[in-house]
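Values in this text are rule-based calculations from the coordinates and carry no lab data. Quantities reported herein were computed from a predicted structural model and do not represent experimental measurements. When we count neighbours, we look across all protein chains shown, and the Cβ atoms used for this are built from the backbone with ideal geometry, even at glycine.
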Amino acid sequence: MTAKVVMPRIGSSVIEGVIKKWLVQEGDAVERFQPLLEVSTEKVTIEVPSPASGVVMKIYFSAGDHAPVGETLAIIGDPDEGLPA
C-alpha cells in the first residue's frame, strides 16, 4: 500500500513552504514517523515525518522548490506495487 507525503499546513495563513533539504533519497527504506525532509516558511522550519514504513518510491520536489499546502511531496510504499496512477 502506498502513502503520500503531503506538504503540511504549518499555520492558518501559510499557503506554501520551501523544501530546504531532503533527509532521504528515492530508494531509501524508511520507518513511520522518520523525518524525511525539512520545510521552511517565513517564520519556522520543521521536519516532515514519514506517514508509513516502506521505501521512498518517488520524490516530486527538489530542495529550493516552493510547494503548496496539501501538495504531494513524495510517495512511500512497496516497490513491487508500483506508483499509484
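Worth a mention:
- Computing Kirkwood radius over Cα pairs in Å directly from the structure and comparing it against [x] 12.8; [y] 14.9; [z] 13.8 singles out [x].
- Annotation: amide H-H contacts under 5 Å for V30 (H modelled 1.01 Å from N, sequence separation of 5 or more, or interchain): G54, V55, V56.
- Relative contact order computed over the chain (Cα-Cα under 8 Å; 6+ residues apart), in percent: 39
- Ascending count of other beta-carbon atoms within 10 Å, so fewest first, for V56, V6: V6, V56
- With a cut-off of 12 Å between beta carbons, the residues surrounding I15 carry a summed charge of -2, where Lys and Arg count +1 and Asp and Glu -1.
- Which of K21, K43 has the fewest Cβ neighbours within 10 Å, and the rest in rising order: K43, K21
- By the count of other C-beta atoms within 10 Å, a proxy for reagent exposure, M57, M1, M7 are ordered fewest to most as M1, M57, M7.
- In sequence order, the stretch 63-70 has phi-based couplings of 4, x, 6, 8, 10, x, 4, x Hz under the Karplus curve 6.51 cos²θ - 1.76 cosθ + 1.60, θ = phi - 60°, and Gly or Pro positions carry x.
- Cβ-based net charge around V39, under 14 Å, with every Lys or Arg adding one and every Asp or Glu removing one: -2
- Pairwise centroid distance, computed over Cα atoms, of the stretch 1-33 with the stretch 49-69, Å: 4
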